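Asks: Below is the structure I would like to discuss, written out as structure tokens.
Values in this text are rule-based calculations from the coordinates and carry no lab data. Predicted model, so just to flag it, every value in this text is computed and none were measured. Note that we place each Cβ from the backbone using ideal geometry, even for glycine, and neighbour counts take in every protein chain shown.
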Amino acid sequence: MVDHMSDWLFGIAAALLGLGPKPGPTLTRFEYAETHMSSHFRIVLYTDREETARSASRAAFARIAELDAALSDYQPDSELARLCGQAGGPPAHVGADLFDVLARSRAMSERSGGAFDVTVGPVVRLWRRARRDRKMPAPERLAGARALVGYEALRLDPKARTVRLLKPGMKLDVGGIAKGYTDDEAIRVLKRHGIDRALVAGAGDIVVSGPPPGRDGWSIGIASLEPSRAAPSRFIALRDAAISTAGDAERYVEIDGRRYSHIIDPWTGLGVVDRCGVTVVARDGATADSLDTAVYVLGPERGLPLVEATQGAAALIIRSIDATVQIFESRRWREIPQAGPE
């Protein structure tokens, strides 16, 4: 009893003298943005020192630029471009980042039965011109490009860290996974700099770590099929997770009265024609980014089983057929906490 009374009296004295537990540092929100991978990358973080925020964000953007140099298919001197230049030749040794991205791409290709296919590059290039000229690719050119597509012709040797493209003329396109992977890496850099409450967004791909102070998660809006006309009407709360959306809302072309998405169906070589938006939540950005592309190509009926089979993943699919909007939710999507606008 005496010991308890002594502890109680000491606690009062300590509080009066200002010796009791001190409140943690006040965390301030900092936001930075740069352009990489032809996209707007944004970093939002919380810390108690502006100097820490600046140095951490600089390091994260440096990592993003490093990955851009490795993974870009627009830069002729990127590591990816150099690898494609050796298509049809012997195995080529590549850096750890490019190999990791290709290994993860190959795994998603196998899991999706080819709905996600990193070798779709030749067809993607044809459709970039088609969107610019508003003309269908010439049938013979499309057939030639399709003949180069097939993830089975992408050979990886993990021990030697080499990549071989079996067919001359093969082109890789990592656009369906690169930004999610890059967001993951940026979050890792921020954590190494002591930042454990952050958001990294590369275009429509977002990865978050711990939530903002006093909140259960980051409030993320779910885009509608026409985001330019309507602001998000639903929001979810995310922490230590990733979210990615695939759709044709902003990148598409109309040819002869038909709308073609920028996302290519590897089996047909055509832009997907269904009006659809797929939002995937996963444990990491690379999974969310590649999975939403696969589900977008597969459609709800075949895509949702793939989501359910992916540990920790959830999906919301909004599809419009003849002006009728259909909504599909995976089982785990219903378990995600809802939120309000930030």
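Asks: When the helices in the chain are scored as -39500 (n - 2.57) per DSSP H run of 4 or longer and the sum is shared across all residues, what 222 nm value do you end up with, to the nearest 500 deg cm²/dmol?
Replies: That comes out to -11000 deg cm²/dmol.
Asks: GNM on the chain, C-alpha springs below 10 Å: top fluctuator among K191, K171, K135?
Replies: Taking springs between Cα atoms under 10 Å, the residue moving most is K135.
Asks: With +1 assigned to the C-beta of every Lys and Arg and -1 to the C-beta of every Asp and Glu, and no other charges, what is the dipole magnitude of the range 79-165 about the Cα centre in debye, to the nearest 20?
Replies: 400 debye
Asks: Against the empirical 2.2 N^0.38 Å scaling, what ratio does the C-alpha Rg of the range 37-78 come to?
Replies: So the Cα radius of gyration is 1.42 times the expected 2.2 N^0.38 Å.
Asks: List the trypsin sites (Lys or Arg not before Pro) within the range 26-111 that fall in a DSSP loop (any state other than H, G, I, E or B) and whose Cβ has at most 15 other Cβ atoms within 10 Å.
Replies: Hits after loop and neighbour filter: R49.
Asks: Helix 96-111 sits at what angle to the longest principal axis of the chain, using alpha carbons and giving 0 to 90 degrees rounded to 10?
Replies: The helix 96-111 is inclined about 70 degrees to the chain.
Asks: Can you give the longest run of the chain that contains no chymotrypsin sites (Phe, Trp or Tyr not before Pro) sitting in a DSSP loop with at most 16 other Cβ atoms inside 10 Å?
Replies: 75-266
Asks: Can you give me the angle between helix 121-133 and the longest principal axis of the chain, using Cα atoms only, in degrees from 0 to 90, rounded to the nearest 10?
Replies: The answer is roughly 80 degrees.
Asks: With only Lys, Arg, Asp and Glu charged, each at its Cβ (+1 for the first two, -1 for the last two), find how big the charge dipole of the range 200-342 is about the Cα centre; round to the nearest 20 debye.
Replies: Roughly 260 debye, rounded to the nearest 20.
Asks: Can you compute the charge dipole magnitude of the chain about its Cα centre, using +1 on each Lys and Arg Cβ and -1 on each Asp and Glu Cβ, nothing else charged? Give it in debye, rounded to the nearest 20.
Replies: It works out to roughly 780 debye.
Asks: Something else about it: Starting from the alpha-carbon convex hull of the range 215-342, give the projected area averaged over all orientations, in nm².
Replies: It is 8.2 nm².
Asks: Let me check I've understood the local charge: for G88, count other residues with C-beta under 10 angstrom from its C-beta, Lys and Arg +1, Asp and Glu -1. What total comes out?
Replies: Local net charge: +2.
Asks: I've got another one for you. Which three extents, in whole angstrom, do the alpha-carbon atoms of the range 146-244 cover along their principal axes, largest first?
Replies: If we take the Cα atoms of the range 146-244, the spans are 54, 39, 15 Å.
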